[in-house]
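The values are calculated or read from the model by the stated rules, or taken from the named source; none is laboratory data. Since we're looking at a predicted model, the values are computed, not measured. Note that each Cβ is placed from the backbone with ideal geometry, even for glycine, and that neighbours are counted across all protein chains shown.
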Amino acid sequence: MKDRLIISGFGGQGVMLLGQFLAYAGMLDGKRVSWIPSYGPEMRGGTAYCSVVISDTSIASPVVSRPDTLIVMNSPSLDRFLPAVRRYGIVVANSSMIGHIPKLDRDIHLVSVPAQSIAEELGAPKASNMVMLGCYLGIRGGPSEKAVEAALQKAFVDAVKRPDLIPINRAAIERGRELAQAGNEND
Amino acid sequence: MKKKQVLMKGNEAMAEGAIMAGCRYFFGYPITPQNEVPAHMAAYMPRAGGVFIQAESELAAINMVYGAAGAGARVMTSSSSPGISLKQEGISYLVGAELPCVIANIMRGGPGLGGIQPSQSDYFQAVKGGGHGDYRLIVLAPDSVQEMADLTMLAFDLADVYRNPVMILGDGNLGQMMEPVSFCKFRKRKLPPKDWATTGTAGRPRNIVKSLYLIPEQLEAHNRKLYRKFQTMKRREVRFEEDIPEGCELLLTAFGTTARICRDVVDKLRQRGHKVGLLRPITLFPFPEERIKEVSSRVKAVMTVEMNMGQMVDDVRLAVEGRCPVHFCGRTGGMVPSVEEIVHEAGKILRGMKE
Amino acid sequence: MRVFERPKVLKDKVFHYCPGCTHGIVHRLVAEIIEEMDIRERTVGVCPVGCAVLAYDYLDIDMQEASHGRAPAVATGIKRVLPDKVVFTYQGDGDLAAIGMTETVHTAARGEPLTVIFINNAIYGMTNGQMAPTTLLGQRTQTTPYGRNAAKEGYPIKVCEMLATLDGPSYIARVSVGSYKSILNARKVLREAFRRQIEENAYALVEVLSTCPTNWGMKPRDAMDWIENEMQETFPVGIFKE
């Protein structure tokens, strides 16, 4: 198993955290992982993205130019990275922030999730990244639930000392997972 | 048993490695993309009983390093390309006064203010001296977050062994990247006491830390002494990693981030039936010239891949000495070459061999 | 009976300084103070590029040579490693107030526990007499052959007055070595600057108005008088922070 991801969105949508979350959970599952952020002024307001690799075997290049998985939180990200997605790759798109999703004539599996609306329904508008994460977990079937739970602890307890945020983020992940699985059944 | 792994940025792993290696003094000035290093030092150095100072400039930082090194401490500074240019005078003085220290350059694109994205365009500056005068640094080129930690630990010992600054030459990509890293307990080598340090004259004749020799005969003797150290480094400290198959046709050479990318290139070309190898220098000075010389006599061509317009390739050519063609493939200005474009370039060379 | 003799900290070596240069006087004062305070074995001096770069030839203590302007940074590095030692810098006006002004200001602002000895002779001595940041208005130098003109070259920098505005320093003073009386005062003030570091762990700077007869084109005696009469008009002697 080897998944090369690009995760992209506006600065502030939590794409860096989402990438680190996945890398950390992957590491706990015993996988080889790497995470590279885009850095610099674009972090503030513009498009921010990170590259993540999760693999059973050692990672040669941690730089992802052709992703297997693209997680996009806004329109500019989709426009920028869609052409690079590999054949039989998957795209998870935040339809709350992407008005028009083009028809794909290549062999790419597209899952569109209104992540922002779902997060707001849950009363956690900042948790749209966790809805996207749940969706990824639903499609790829990993990292494990145990690792995801440990990553939640690290992200909200160790890092920011806000254990109260865990239940709502866990719920956001679950909603994303359900939607992805429902989508898969419809295929 | 598997060692405990932590997910860390390269910059953080380097800072942590330094502290574990006994570095207790860090002087730095902010510059992207190495800001995690001073941030980590500011947070953790006081807990280790050490000192962190945000200096007023790169010049001040490297000269604080000089003072602390001259007082016998394990000391470090880090910066990125433009900041390293500013430190060059100080680095020249450090070599001249034979002071050990570790300097990290997390390279970004140049020249001038350039950009902030990763680059390898300070290769010449790092391995050929950089500042004024006839000198060399030991230059270590990590290619993973784990090596950012491990080579930094090694750097402190090498600096003390040779009484010479050691440079960690990383790039923005390695500094910003997160990978799992495990820290093993640092075992310091047996090293001679720093009886040359300026610690007060109690119980001994006074010590002078200096690089001024106004009498040319004395300065020449000093230069010859330094040269002998550089020759010893060449004999003892060459480090590289290679994966060269039997009957290798094309040898890739690359360091740091580009070497990681080249491993995927090698896999891809082998899947297509080509015999391709990779040699990754870990020490850029001393350069693995003997090994490249040996290998070049049994391959059909060499291609060097760098994030610059062609710098290490000059040293590869010097080692190959015309035994086979040496090609270059590079991106620069903060662009990172993709596996696909390197495969494309290599493909052209491999097709040329068949014709 | 006390016999006037060479302090042991001052090596038995002929100074390379020009006739009438007051570096010798200040070196001797520093050596006397180190001896008197019994700190020779725990003192580290820093001498940067300038006429006094060879001070280690005369002072029998541990010393580090610094690049031009960076003595306060080098001294900071030493002092942070060896907080129990006594660390001083000995800098000229070009070194301290031109190329090294950044380090001067920031080391003072940090209140780094150091003793800074600032030799102000209003000219670059080692390079044969160019304008210094402290060159007086109207003063002729190699690079102000018609006299320093405020409209073109700006005004002399008053280091003590400037640094006294900072919260970091504990003691800022200006002295002269242009007369016997002034030298006695300079000795007292320099000693206080060392005491501040040793007893109060504090930053102290002493500016010493000094001669450069060679580059001023004056006889030694006239140079001494010039400090007392001309230089002190721009650079008044006194304690600026205490």
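If I filter the stretch B:175-190 down to residues being within 13 Å of another protein chain (Cβ to nearest Cβ) and assigned to a loop (DSSP other than H, G, I, E, B), which single residue comes out as surrounded by the fewest Cβ atoms within 10 Å (Cβ to Cβ)?
Among those that are within 13 Å of another protein chain (Cβ to nearest Cβ) and assigned to a loop (DSSP other than H, G, I, E, B), it is B:182.
Kindly provide the set of residues from the stretch B:7-37 that are of a type outside the set (Asp, Glu), within 16 Å of residue B:116 (Cβ to Cβ) and part of a helix (DSSP H, G or I), ordered by number. Listed by number, the residues that qualify are B:10, B:11, B:37.
Being within 14 Å of chain B (Cβ to nearest Cβ) and without any contact (Cβ under 8 Å) to a residue 40 or more places away in the chain is a property that residue C:59 lacks. Entry remark, the stretch B:309-349: residues being crowded, with 22+ Cβ neighbours inside 10 Å and not aliphatic (A, V, I, L, M) number 5 in total. Restricting B:269, B:284 to residues that are outside the structural domain of residue B:152 (by TED's automatic domain parsing) and within 28 Å of residue B:154 (Cα to Cα) narrows the list to B:284. Selection of the stretch B:212-231 for residues being small (Gly, Ala, Ser) and surrounded by 15 or more Cβ atoms within 10 Å (Cβ to Cβ) yields an empty set.
One line per residue, one yes/no per condition, for (1) closer than 27 Å to residue B:79 by Cα; (2) away from chain C (no Cβ under 14 Å); (3) under 19 Å from the mean Cα position of the chain (by Cα); (4) among the aliphatic types (A, V, I, L, M):
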site	(1), (2), (3), (4)
B:173	yes, yes, yes, no
B:193	no, yes, no, no
B:202	no, no, no, yes
B:208	no, no, no, yes
B:220	no, yes, no, no
B:231	no, yes, yes, no
B:236	no, yes, yes, no
B:239	yes, yes, yes, no
B:242	no, yes, yes, no
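Is it the case that residue C:174 is buried (at least 22 other Cβ atoms within 10 Å of the Cβ) and in contact with a Gly (Cβ under 7 Å, 6 or more places away or on another chain)? So residue C:174 fits the description; yes.
Output yes when any residue across the stretch A:99-106 is touching a strand residue (DSSP E or B) at 6+ places or on another chain (Cβ under 8 Å) and buried (at least 21 other Cβ atoms within 10 Å of the Cβ), and no when none is. For the stretch A:99-106, residues touching a strand residue (DSSP E or B) at 6+ places or on another chain (Cβ under 8 Å) and buried (at least 21 other Cβ atoms within 10 Å of the Cβ): absent. Once the stretch B:51-80 is narrowed to residues that are more than 7 Å from chain C (Cβ to nearest Cβ) and in a helix (DSSP H, G or I), the residue that is surrounded by the most Cβ atoms within 10 Å (Cβ to Cβ) is B:62.
Within the stretch B:256-302, being in contact with a Leu (Cβ under 7 Å, 6 or more places away or on another chain), of a type in the set (Ser, Thr, Tyr) and within 16 Å of residue A:62 (Cβ to Cβ) holds for one residue alone: B:257. Tell me, which residue of the stretch B:328-346 that is without any contact (Cβ under 8 Å) to a residue 60 or more places away in the chain and part of a helix (DSSP H, G or I) is farthest from the other protein chains (Cβ to nearest Cβ)? My answer is B:345. Residues in the stretch B:150-177 that are of a type in the set (A, V, I, L, M) and farther than 22 Å from residue B:81 by Cβ: B:153, B:154, B:158, B:161. Of all residue pairs spaced 6 or more apart or on separate chains, those with beta-carbon atoms under 8 Å, a first member in the stretch A:148-170 that is in contact (Cβ under 8 Å) with a residue 40 or more places away in the chain and a second member that is loosely packed, with under 14 Cβ neighbours inside 10 Å are A:168/A:123.
Within the stretch C:186-224, restricting attention to residues that are over 18 Å from residue C:34 (Cα atoms) and small (Gly, Ala, Ser), the residue that is surrounded by the most Cβ atoms within 10 Å (Cβ to Cβ) is C:210.
Given the options A:112, A:96, A:65, A:77, name the one that is in a strand (DSSP E or B) and modelled with pLDDT under 95. Show your work before the answer.
Numbers: A:96 fails: in a strand (DSSP E or B); A:65 fails: in a strand (DSSP E or B); A:77 fails: in a strand (DSSP E or B).
Criteria check complete, one pass: A:112.
If you go through the stretch B:255-269 and keep only what is farther than 18 Å from residue B:308 by Cα, within 12 Å of chain A (Cβ to nearest Cβ) and touching a strand residue (DSSP E or B) at 6+ places or on another chain (Cβ under 7 Å), you end up with B:263, B:265, B:266. If the condition is being part of a loop (DSSP other than H, G, I, E, B) and among the hydrophobic types (A, V, I, L, M, F, W, C), then the stretch C:166-201 contributes C:166, C:177.
Checking the condition closer than 26 Å to residue B:343 by Cβ, surrounded by 22 or more Cβ atoms within 10 Å (Cβ to Cβ) and among the small types (Gly, Ala, Ser), which residue from A:55, A:51, A:38, A:77 passes?
Within the list A:55, A:51, A:38, A:77, the selection yields A:51.
Taken together, C:54, C:59 contain a single residue that is among the aliphatic types (A, V, I, L, M), modelled with pLDDT under 95 and more than 14 Å from the chain's Cα centre (by Cα), which is C:54. Report whether or not residue A:167 is more than 14 Å from the chain's Cα centre (by Cα) and assigned to a loop (DSSP other than H, G, I, E, B). For residue A:167, the condition - more than 14 Å from the chain's Cα centre (by Cα) and assigned to a loop (DSSP other than H, G, I, E, B) - is not met. Look at residue C:66 and say whether it is at the interface with chain B (Cβ under 8 Å from one of its Cβ atoms) and either surrounded by 24 or more Cβ atoms within 10 Å (Cβ to Cβ) or modelled with pLDDT under 95 (or both). Yes: the conditions hold for residue C:66. Of all residues in the stretch C:15-32, those being within 14 Å of chain B (Cβ to nearest Cβ) and part of a loop (DSSP other than H, G, I, E, B) number 1.
Taken together, the residues in the stretch B:88-136 that are of a type in the set (A, V, I, L, M), more than 10 Å from every other protein chain (Cβ to nearest Cβ) and farther than 27 Å from residue B:149 by Cβ amount to 1. Listed by first and then second residue, the pairs with beta-carbon distance under 6 Å, at least 6 apart or on different chains, first residue in the stretch B:259-283 and assigned to a loop (DSSP other than H, G, I, E, B), second among the small types (Gly, Ala, Ser) and surrounded by fewer than 24 Cβ atoms within 10 Å (Cβ to Cβ), are B:275/B:247.
For the stretch C:149-165, residues that are surrounded by fewer than 22 Cβ atoms within 10 Å (Cβ to Cβ) and assigned to a helix (DSSP H, G or I) total 6. With respect to (1) surrounded by fewer than 24 Cβ atoms within 10 Å (Cβ to Cβ); (2) farther than 21 Å from residue B:139 by Cα, the lone exception for residue B:85 is condition (2).
Between C:53, C:86, which is within 7 Å of chain B (Cβ to nearest Cβ) and either surrounded by fewer than 24 Cβ atoms within 10 Å (Cβ to Cβ) or within 24 Å of residue C:175 (Cβ to Cβ) (or both)? Can you show your working first?
Working: C:86 fails: within 7 Å of chain B (Cβ to nearest Cβ).
When all the criteria are applied, what remains is C:53.
Scanning the stretch B:191-235 for residues that are part of a loop (DSSP other than H, G, I, E, B) and of a type in the set (A, V, I, L, M) returns B:191, B:197, B:202, B:212, B:214, B:215.
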